[in-house]
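Participant: One structure coming up, written as structure tokens, with questions to follow.
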Amino acid sequence: MEWPACTNEYEKLLRRMNTPRVAIDNAVCPTATLVKVDSARRHGILLDAVQVLTDLNLPIKKAYISSDGKWFMDVFHVTDQQGNKLTDESVIKYIEQSLGSIHNERTNHSNGLTALELTGTDRVGLLSEVFAVLADLQCDVVEAKVWTHNGRIASLIYVKDCDSGSTIEDSQKINRIEVRLRNILKGDNDIRSAKTTVALSVMHTERRLHQMMFADRDYERTPILKFTSDSPLVTVQNWAERGYSVVNVQCKDRIKLLFDLVCNLTDMEYVVFHATITTNGDQAYLEFYIRHKDGTPISSEPERQRVIQCLKAAVERRASEGVRLELCAEDKQGLLAEVMRIFRENALNVTRAEISTAGNMATNVFYVTDAIGNTADPKIIESVRQLIGLSNLEVKELPLLWHQKEEREDQTVGGAVWLSIGSLVRRNLYNLGLIKSCS
């Protein structure tokens, strides 16, 4: 008779034991807010914790991760995007609640939209064709994210039916979407690897993009163009005495860097037992102690090289170079197709994109280069802005190479001015007989 009651008490005990303990402290560190998480260990829990902070776009300045038996302890030093401690009580409460529930089962969900997954060979004008087809098929693009890396493209596009304003459920229409998009992605030389998938349920968008590019084996492909010299440095060594593989990553620091690396380690079926993350200026240093899920370290040279390649790719996918353009305009059917057509006609290649809508407004971010991957000509950028609308399309971020070019031009102009003044002074001194030569 008492057994059900005992069972309930036992379940309550297990729930209390497995529920993560979360503490947020603004007093210990003078420059950052400390977020501490203690919980029972399971595969993927580190990724879930980092994902909570990443989705808020919070920079992680330092982190310490440690597993003791079946228990897991994290400490994250985070700031807001301005580099200040977290003071917004609603944000702090959200973090506490979200981290406190990371042991709950996470399932794919439907957000009332149809998800289109696209992978294939990147080329100038590809996105213009994709969005033109969607507009022609009466698909309204609500959200989308596009990544490119090593000549490959992966995109998650969330659409709804223009007529019904809801999920596309007509199987014939879904089939037409798949066929037409697949034909675009195939082009002339990508018959085997181009893929188009329509899904009614979705998972975390950026994690899915990593999985798509990993499945496409972008990490094995030779980059067609090298946008930057800031390549990540990744090393992997085995610590035989402790049975760990030690992974070290040094690269330029940015938001979501830790998420990208942990996401790929998790998807490759590695478990992070210990980790230290530090930043210094614009550089990040990350060290992970990992094993396979079965408790063994990396066991071969090919596997070691694969881990290095995959982690380099994880860093580079989100680090696309280019001019950052932000489009804010009233949303209308075919808006993206029109904008992408203008980009294509002006030989601008989109290396990364984030598309979102809120109400009747579209807010889109594009990173663009010229057709061969070099820094886009400022005159072309200005011409494109004139066509789309100066108030709608704004330049928000210029690539480092552009700044360096401007500095060289300023130095050249400045040097020429000083040379001209110096020549004039010497000529006047010569005319006055104070020097023997004006050269």
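Participant: Tally up the residues in segment 349-368 that are assigned to a strand (DSSP E or B) and free of Cβ contacts under 8 Å to residues at least 60 places away in the same chain, please.
Facilitator: Summing the residues that are assigned to a strand (DSSP E or B) and free of Cβ contacts under 8 Å to residues at least 60 places away in the same chain in segment 349-368 gives 9.
Participant: Another one. Out of all the residues in segment 152-172, which are out of contact with any Cys (no Cβ under 8 Å at 6 or more places or on another chain) and open to solvent by less than 20 Å² (accessible area, probe 1.4 Å)?
Facilitator: Arg152, Ile153, Ala154, Ser155, Leu156, Ile157, Tyr158 - these are the residues of segment 152-172 that are out of contact with any Cys (no Cβ under 8 Å at 6 or more places or on another chain) and open to solvent by less than 20 Å² (accessible area, probe 1.4 Å).
Participant: Search segment 33-50 for residues being touching a residue at least 60 places away in the same chain (Cβ under 8 Å), out of contact with any helix residue (DSSP H, G or I) (no Cβ under 6 Å at 6 or more places or on another chain) and surrounded by 15 or more Cβ atoms within 10 Å (Cβ to Cβ), and hand back the single one that is farthest from Arg254 (Cα to Cα).
Facilitator: Ser39
Participant: Based on what the data block shows, is Leu336 touching a residue at least 60 places away in the same chain (Cβ under 8 Å), part of a helix (DSSP H, G or I), in the same structural domain as Asn374 (by the TED database) and over 17 Å from the mean Cα position of the chain (by Cα)?
Facilitator: Yes, satisfied.
Participant: Right, something else. Conditions: (1) touching a residue at least 40 places away in the same chain (Cβ under 8 Å); (2) closer than 16 Å to Gly120 by Cβ; (3) open to solvent by 50 Å² or more (accessible area, probe 1.4 Å); (4) not polar (S, T, N, Q). Leu209 meets all but one. Number of the miss?
Facilitator: The failed condition is (3).
Participant: Still on this structure, please answer the following. Being touching a helix residue (DSSP H, G or I) at 6+ places or on another chain (Cβ under 6 Å) and surrounded by 15 or more Cβ atoms within 10 Å (Cβ to Cβ) narrows it down to one residue among Tyr219, Tyr285, Tyr270, Tyr289; which is it?
Facilitator: Just one listed residue meets the conditions, Tyr219.
Participant: Across segment 273-282, what is the number of residues that are in contact (Cβ under 8 Å) with a residue 40 or more places away in the chain and surrounded by fewer than 21 Cβ atoms within 10 Å (Cβ to Cβ)?
Facilitator: Residues in segment 273-282 being in contact (Cβ under 8 Å) with a residue 40 or more places away in the chain and surrounded by fewer than 21 Cβ atoms within 10 Å (Cβ to Cβ): 5 in total.
Participant: Still on this model: Can you confirm whether Arg207 is closer than 27 Å to Asp80 by Cβ and not hydroxyl-bearing (Ser, Thr, Tyr)?
Facilitator: Yes: the conditions hold for Arg207.
Rundown of residues vs (1) among the small types (Gly, Ala, Ser); (2) over 21 Å from Tyr158 (Cα atoms), yes/no style:
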| position | (1), (2) |
| --- | --- |
| Leu286 | no, yes |
| Arg304 | no, yes |
| Cys310 | no, yes |
| Ala313 | yes, yes |
| Ala319 | yes, yes |
| Gly322 | yes, yes |
| Glu330 | no, no |
| Val350 | no, no |
| Ala358 | yes, no |
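Participant: Among the listed residues Arg324, Arg344, Arg304, identify the single one that is open to solvent by 20 Å² or more (accessible area, probe 1.4 Å) and touching a Lys or Arg at 6+ places or on another chain (Cβ under 6 Å).
Facilitator: Result: Arg324 is the single residue among Arg324, Arg344, Arg304 that is open to solvent by 20 Å² or more (accessible area, probe 1.4 Å) and touching a Lys or Arg at 6+ places or on another chain (Cβ under 6 Å).
Participant: How about segment 232-274: which of its residues are small (Gly, Ala, Ser) and out of contact with any strand residue (DSSP E or B) (no Cβ under 8 Å at 6 or more places or on another chain)?
Facilitator: Ala240
The values are calculated or read from the model by the stated rules, or taken from the named source; none is laboratory data. Since this is a predicted model, take the numbers as computed values, not measurements. Positions of Cβ are generated from backbone atoms using ideal geometry, with glycine treated the same way; all protein chains shown enter the neighbour counts. Side chains included, ligands, DNA and RNA excluded: accessible areas come from the protein's heavy atoms. Shrake-Rupley method; radii C 1.70, N 1.55, O 1.52, S 1.80 Å.
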